[in-house]
Structures are given as C-alpha cells and as structure tokens.
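The values are calculated or read from the model by the stated rules, or taken from the named source; none is laboratory data. Treat the numbers as computed from the prediction; the structure is a model and nothing was measured. So basically every Cβ, Gly included, is an ideal-geometry build from the backbone, and we count neighbours across all protein chains shown. All accessible areas refer to the heavy atoms of the entire protein, side chains included, with ligands and DNA or RNA removed. Shrake-Rupley method; radii C 1.70, N 1.55, O 1.52, S 1.80 Å.
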Amino acid sequence: MIDTRLSRRSLVGAGLGAGLAAGFAPGVLAAPVPVPVPVPRGTRPARPAKPLVIGHRGCSALRPEHTLGSYAKAIADGADFIEPDLVSTKDGVLIARHENNIAETTDVSARAEFAARKTTKTVDGEQVTGWFTEDFTLAEIKTLRAKERLGALRPESQSYDGKFQVVTFEEIADFVAAESAARGRVIGVIPELKHSTYFAAAGLPLEQRFLDRLHASAYLQTVPVIVQSFEIANLKWLRQRLEGLGNVQLLQLTMPGTMRPADVVAKGSGPTFDEMHSDAGLAEMATYADWISPYNMALLGRDKDGKLLAQGTGLVERAHAAGLLVSTWTFRPENYFLPTDLRDGAGPGARNPAGSIAEIRRYLALGIDSFFTDDPAIGRQAVDGRA
C-alpha cells in the first residue's frame, strides 16, 4: 500500500488528502560568495527575479530524504535552496529528520540493541509509536542508516537504503559550503524547526541551538537562509534576535483548515490556519515573517474528481498585498500525487515529469515566488522552460 503521509506531518492530522536585501536571485555566480546587505527593520524583501526551486528534503524523489546524497542530487539538479528539517538528539544536537520519529526513515526497527526504546508519545497532539530522536545520543544516531520512506514507490531511492548516515545541521552547512565553492554559485538553505513546543517541553528547546549554529557558520552568515515553521512563537522569538544576520528571512508555514499551530494549541488561544489566511491574519504575519508558504491546494484547489480548478483562491495576491513573499509545498513527480487531469496512463506509481511540470506551471502562473519539490530537476525545467 502506498503511504500518503508525505507532506507536512500536521496535514495528515487534518485529514487533508540575490543578495538578500533585494530578494533571492537564483543562479547567481559566487566567487567569492557575496555578503548580503542587511535588510533594515521594517523593510520588505523584494520578490526574486524568478521563482526559487527548493529541494524538498533534498531530492527526496530519487534519494533517501535528508541525507548528503539527497542534498547533493538536489544541488546537482539545479535547486536554489536545499531544505533540512531539524530535530534534536538527547544530547541537544540538531540533526536532519522530517520528524522526531525515525521509524520510517532509518533502519532503527531492525536494530536489536534499540528494540526496548520503541515507545508511544504524543507529538503536536497526535499519538505516535516508534523510536524518537530525543531518546538517542548523536553517537547512537550515527550508527543508524537512512532508508526510503516510500519503499517500492520510489525504487531508485530505495536502492540507496543503508548507504547514508543521519547528518547534523553543522555537517549540512559545511557540505553546502563546499558544493557552493565547487560549483561557483550560491546555494541557499531553508531549515525548518520541527516540533518546537514539543522539544521545549522535553527540555531540548531548538531555537537558541539553531541560532548558535548560524553564528558558528561563516557560510550560513553570508548566503540566503530562510527559517520556516508551522509554529508562530519560535519565528517571533527569532525575529528579535537576528541582529547582524541580514541574510536570514523567516517563513510561516500554513495549511488550509481550522487546525491551529501547535504552540497556539499549547497556549490555549490563538488563530486557526484559516484565520491566518485572512487579510487581518496576513497583516499580523507580516509583522514577524517575510514569507508565507501554504499547502498548494490553499492556492489552487482541485474539484471532486481531483482535477485542478481553473481559478486560484486569491491567497497569493492578498499575501503579496500584505507584503509577504509566497511559497508553496509540495510538488511530487509520481502520478499518484498529481491532479487527475495531469496523470498519464503508466499507473499510479509511475514517474510523470511532464505532468509534474504542467502542475508546477499552473502555480507559477498564480505568481508564487518559490516552491518545494521532491525532484528539483523537474522544478528547474518548470521554471526555466517557461516562455
């Protein structure tokens, strides 16, 4: 059976099926990498010259997600940014995993020495059973090997099971710096802070550790960095502490519906995601964030038969009017994930690059400024091949 739990974790719970001052410009040669001019407080960053291609968890359609192999493939295929999702180990090291439960993305379930650590926890209001990063030291995490989450749906990626370690944020920064130098172009980094409220309650707050890593990396102080989260409080906390980091922007992730961000739920009051999409919500968001990144169907929906609608929802235009740049997530190349009117006859698990390009271009026509894709080569074609 194909596992549909591929987009952001909380979407499943909802049951919903260049220099920085001028905006980020893709493909700019960097020899050496230029230091962006800080954006004065209250100044909105300009839209990029053309939409940015973000390698979602690297090139997760073709390599196990959040591995150096995945990031390397994304960069080779033309991604403007690579995305590391960040969680914490027991000893407080930030590592790249899409969620703190590593049952589906590592070989931990096959490791007898860790069998007793399988447990059930409540993460962001959802009960989850598995093995959790906060129960492992970095040394123990390094003994594990990454694997493809979707198994047989992505056979090329599955062929790399067991080949890659789980990597730290520090290792990712050094790797991307080396790739940037070797290729002579700027490669941005768009980390997501995962489960901030949960980790704070566990005594492992992410934000200061993340900020320390930014200050420790010459690369992360000089290239475009966009920090993303579904929560609000962590972005507001960072906004007050970015002095001297004019290369860093903040992105608010959202989804359609009446769910609330995890920190809002913990607080007991605050907006739903739908309320955050209102004009008042967008105006409030613009006081602390530079970007909004809704689930793509919040920008352009599908009808009852799964076909893309003819018209967008207007959210892109209203977000731009509020001063926000607009991203969206996530485009995937298999027929299974495409709108029904863009699938071919090769079956649900087959790759369909033409259909994926067509889908992405429908969203580009709405005026989005960037997008997440599991296959950056396809995203690059979608952007660069337009008239």
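What the table below lists for this structure:
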item	result
Rg [Å, one decimal], Dmax [Å, integer] - segment 304-346, C-alpha atoms	13.9, 43
DSSP bridge pairs, the chain: antiparallel proportion in percent, nearest 5	35
Which of TRP237, TRP329 is most accessible, then next, and so on - probe 1.4 Å	TRP237, TRP329
Heavy-atom accessible surface of the chain: percent carbon and sulfur, 1.4 Å	54
From the C-alpha gyration tensor of the chain, square roots of 5λ in Å	27, 25, 23
Net charge dipole size for segment 241-304 [Lys, Arg +1 and Asp, Glu -1 on Cβ; Debye, nearest 20]	240
Residue-normalised accessible area of the chain, expressed per residue, 1.4 Å probe, Å²	38
Only Lys, Arg (+1) and Asp, Glu (-1) charged, at Cβ; the chain dipole about Cα centre in debye	260
Residue among ILE292, VAL265, GLY306 farthest towards the positive dipole end of segment 247-308, charges placed on Cβ	GLY306
Relative contact order computed over segment 80-182 (Cα-Cα under 8 Å; 6+ residues apart), in percent	28
For segment 254-387: relative contact order, % (alpha-carbon pairs under 8 angstrom, 6 or more apart)	20
Signed unit charges on C-beta, dipole axis of segment 122-262, positive-most listed residue THR143, THR168, HIS215	HIS215
Qualifying GluC sites (Glu not before Pro) in segment 181-245, DSSP loop, other Cβ atoms within 10 Å at most 13	GLU243
Gained length - ALA152 relative to GLU170, 0.36 nm times residue gap less alpha-carbon distance	3.3 nm
Computed helical MRE - 222 nm, the chain, DSSP H runs ≥ 4 contributing -39500 (n - 2.57), nearest 500	-7000 deg cm²/dmol
Total formal charge among the other residues, if their Cβ is under 10 angstrom from that of GLY379, Lys/Arg +1 and Asp/Glu -1	-4
Magnitude of the charge dipole, segment 310-354, Cβ model with Lys/Arg +1 and Asp/Glu -1, debye to 20	100
